1. For region 1-10, which positions are more than 7 Å from the ligand (Cβ to nearest atom) and more than 9 Å from SER28 (Cβ to Cβ)?
2. Just for region 14-32: of the residues that are within 16 Å of the ligand (Cβ to nearest atom) and surrounded by fewer than 16 Cβ atoms within 10 Å (Cβ to Cβ), which one is farthest from LYS58 (Cα to Cα)?
3. Taking into account only those residues within region 33-58 that are assigned to a loop (DSSP other than H, G, I, E, B), of a type outside the set (A, V, I, L, M, F, W, C) and within 13 Å of the ligand (Cβ to nearest atom), which is nearest to ARG69 (Cα to Cα)?
4. Only residues in region 56-82 that are touching a residue at least 40 places away in the same chain (Cβ under 8 Å) count as the first member; pair them with residues that are charged (D, E, K, R) and not in a loop (DSSP other than H, G, I, E, B), Cβ under 9 angstrom, at least 6 apart or cross-chain, and list the lot.
Amino acid sequence: MSTPPICPRCGQDRLHPYRFKSDGAKFSLCTECDSLWWPETGTDIANALFLDDVVAAKLGEEGNPWTTRVWADVIEPLPADG
Ligand SMILES: [Zn+2]
């Protein structure tokens with residue numbers, strides 16, 4: 001297994017593989033600065049998204065999606081497979 005890259009935005013953590021519980025869509029997440037990357041975009045800082053925005057869009061909401069739910073309601077870490 002290759003070691004995940006360090007977050008290019010904050011440099012404080014490695015990117016973790018996560019997925020949405022609703023549809024299983026996978027992404028890379030920095031749990032320090034909540035930056036998100038889809039697999040197809042690579043992990044350039046120019047392609048970084050913000051978890052809150054992606055979650056809000058997926059839920060059809062605007063603003064902060066975390067007033068009525070927590071991360072574990074929406075996303076989960078991919079199980080380590082090796
Ligand atoms: Zn980061």
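Values quoted throughout were computed directly from the atomic coordinates according to the rules given, and no laboratory measurement underlies them. Worth saying up front: this structure is predicted, and the values here are computed from it rather than measured. Every residue, glycine as well, gets a Cβ built from its backbone with ideal geometry; the counts of neighbours run over all protein chains shown.
1. Of region 1-10, the ones more than 7 Å from the ligand (Cβ to nearest atom) are 1-6, 8.
Selection gives MET1, SER2, THR3, ILE6, PRO8.
2. Just the residues of region 14-32 that are within 16 Å of the ligand (Cβ to nearest atom), to begin with: 14-18, 27-32.
Filter again for surrounded by fewer than 16 Cβ atoms within 10 Å (Cβ to Cβ), leaving 14, 16-17, 32.
On the way: ARG14: 24, HIS16: 20, PRO17: 18, GLU32: 21 Å.
This residue is ARG14.
3. ASP34
4. Going by the 9 Å Cβ cut-off, the qualifying pairs are VAL74/LYS58; ILE75/ARG19; GLU76/ARG19; PRO77/ARG19; LEU78/ARG19; LEU78/LYS26.
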